[in-house]
Amino acid sequence: MIQKRKKFETKSAFKTRVKKRAKKEETIFFGIIITAVIYYIFFDSLSFGADYRYDLFVFWLPTMLGFFVAIKYSFVAEYWSSLLVEIIKENHFLLKIFYPLFLVIITFMYSIMMFWMPSNIIWDIFNKIEAQNNRIEIFQYPIEKFNGGKTESIGFYFNKSWETIPVHYEVVKPYLDKNPHNYKIKLEVRKGLWNHYVLESWDIEEVKNH
């Protein structure tokens, strides 16, 4: 947020107030990041499925709200307020295009970290609570891909939605030189919110008479 000096406020008092606000914003920012990292490492559930309600209410609405809040109140507010002036002053055509695009990207990333990540954590918690109230269901799907690169995983389609299960290299190594279509994945899941299913366990089975 752009700080304005209050009436009768000294320069030193103004600078102190600006520094305190910047420190507070920095504390909140890193607090959210650290909390999100801890949650995603230790508590985040692996769920499958897709639904427009998740995209709308968990991702886009919080992210766009955060985008406009950031323009008004975050550290990028000053850059947005002077954007038009900077574009007019800039002599290079490419920089006239690059600068606003760069500002949009930075603000969008800030919004994702500050607004989408907390909303996703809250959604994940309620998704797990809902799933625990439902019985275990078993699904079996053909395996489409074994990934053995930097992101070892097993890829398949769950209700027409592409999904992957991250695994250790030792798990996927025996299958890397084999045809994935000769195998299927057996999933034990519980239904959560909005057509999402929380994974309980999984196993790889060879397709008989393939």
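Read-outs: derived from the displayed coordinates by stated rules, not from any lab. Please read all numbers here as calculations on a predicted model, not as lab measurements. Ideal geometry is used to build each Cβ from the backbone, glycine not excepted, and the neighbour counts take in all protein chains shown.
Table for the structure above
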read-out	value
Axial C-alpha extent at least 18 Å, average Kyte-Doolittle at least 0.5 - helices from the chain (DSSP)	93-111
Across 23/96; 24/89; 150/178; 23/150, pairs whose alpha-carbon gap is larger than 29 Å	23/96; 24/89; 23/150
Descending semi-axes in Å of segment 136-206, equivalent ellipsoid built from Cα gyration tensor	22, 12, 11
Computed lengthening from residue 32 to residue 139, 0.36 nm per intervening residue step minus Cα-Cα distance	34.9 nm
Residue with peak Gaussian network fluctuation, the chain [Cα springs, cutoff 10 Å], from 56, 193, 84	84
Cα→Cβ-extended label distance, 7 Å offset, between residue 96 and residue 151, nm	3.8 nm
Normalised contact order of segment 11-132, rounded percent, pairs of Cα under 8 Å and 6 or more residues apart	41 percent
Cβ-derived FRET efficiency at R0 41 Å, residue 42 paired with residue 206, nearest 0.05	0.75
Taking 151, 63 and counting other C-beta atoms within 10 Å, the order from fewest to most	151, 63
Scattering profile of the chain at q = 0.08, 0.15, 0.19 Å⁻¹ [log10 I(q)/I(0), Debye over alpha-carbon scatterers]	-0.47, -1.05, -1.32
Sum of side-chain charges, residue 46 neighbourhood, beta-carbon under 14 Å (Lys, Arg +1; Asp, Glu -1)	-3
Per-q log10 I(q)/I(0), segment 11-132, q = 0.11, 0.19, 0.20 Å⁻¹ (Debye; single scatterer per alpha-carbon; no solvent)	-0.53, -1.09, -1.14
